[in-house]
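J.: Encoded as structure tokens, here's the structure I'll be asking about.
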Amino acid sequence: MEGLFFYWVSWIGWIIVTFFMNKSSTRTILSYGLLSCIALSNWKITVYSYEISGSYIVLLCFALGTSYYLSKLQNLYLMIMTLTVTAAFVAFHLFEMFDPIWIIAHRQWLLSGLMFILVWLMSDMFLQRVLSLVIGMCQGEWLYTMMLYRYSYYGTIGGLKFLDLLTAGLGFLFMLSLAEWMISSMKRYWTYSERQ
């Protein structure tokens, strides 16, 4: 079932944000963002005969709005990372379309893993990783759908398949960041206990 992974992870994320984060404006914004993504996932708007998902619009607006708070140099680097992710996303889809025999594993995990590895290798900053993944995959989805539209393929930009891909990539990113945080905490603990 398309979108099952997206709904499952989004609800878990909303529960964690709402009940386990400290009360702050960041918590409120994240909570509203996750709820609006879930609520608007089946809502579609038509713009110039392109069907666009409501969740796609919310995710792209949140990511672009958050990138406003980065410095100019960080935004420049974010733009380079985003273009790289976009190119890789479209290239994978075109490769899959023209030569599907080489896709030996489930495409969702391959594509999400590729996007995650690209973002992880290009930046050390967690926020830049998340933003480049979201913006890059959104732009890639838009570009790929526009390319297929010329061949009479009328798909939804940001449909449930795309949301599953994006959620899997973000899940990989959050798990790795959690592992990095745990390793650094253990190193600090061992360094502190060795001093005593």
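J.: How much length would be gained if the chain were fully extended between Ser184 and Ile12, taking 0.36 nm per residue of separation minus their Cα-Cα distance, in nm to one decimal? Walk me through the numbers on the way to the answer.
T.: Details: separation 172, 0.36 × 172 = 61.92 nm, distance 2.51 nm.
Here the answer is 59.4 nm.
J.: Compute the FRET efficiency between Ser177 and Glu2 as 1/(1 + (r/R0)^6), taking r as their Cβ-Cβ distance and R0 = 22 Å, and round to the nearest 0.05. Show your work: numbers first, answer last.
T.: Working: r = 27 Å, r/R0 = 1.22.
About 0.25, to the nearest 0.05.
J.: I would also like to ask the following. Give me Arg27, Arg150 ranked fewest to most by other Cβ atoms within 10 Å of their Cβ, as a rough exposure proxy. Numbers along the way, then the final one.
T.: Details: Arg27 15, Arg150 7.
With the sparsest Cβ surroundings first, the list reads Arg150, Arg27.
J.: Continuing with the same structure: Once you put a point 7 Å from the Cα of Met97 and another 7 Å from the Cα of Ser25, both along the Cβ direction, what distance in nm separates them?
T.: Here the answer is 4.3 nm between the modelled labels.
J.: Before rounding to the nearest 500, sum -39500 (n - 2.57) across all DSSP H runs of length at least 4 in the chain and divide by the residue total; then give [θ] at 222 nm in deg cm²/dmol.
T.: Details: 7 runs with 149 residues, N = 196.
That comes out to -26500 deg cm²/dmol.
J.: What is the distance, in nm, between label points placed 7 Å from the Cα along the Cα-to-Cβ direction at Met146 and at Ile117?
T.: Distance between the two pseudo-spin positions: 2.8 nm.
J.: Just how far, in whole angstrom, is the stretch 76-122 from the stretch 1-26 if you go by their alpha carbon centroids?
T.: 25
J.: Neighbour counts of other C-beta atoms within 10 Å: give me Met125, Met115 arranged from fewest to most.
T.: Fewest to most other Cβ atoms nearby, the residues stand as Met125, Met115.
J.: Quick one: what do you get for the stretch 4-185 if you divide its Cα Rg by 2.2 N^0.38 Å? Kindly include the intermediate steps, with their values, before the conclusion.
T.: On the way: Rg = 16.4 Å, N = 182, 2.2 N^0.38 = 15.9 Å.
Compactness ratio reported: 1.03.
Readers should treat all values here as calculations from the given coordinates under stated rules, not as data from a laboratory. No experiment lies behind these values; they were computed from the predicted model shown. All Cβ positions, glycine included, derive from the backbone under ideal geometry; neighbour counts span all protein chains shown.
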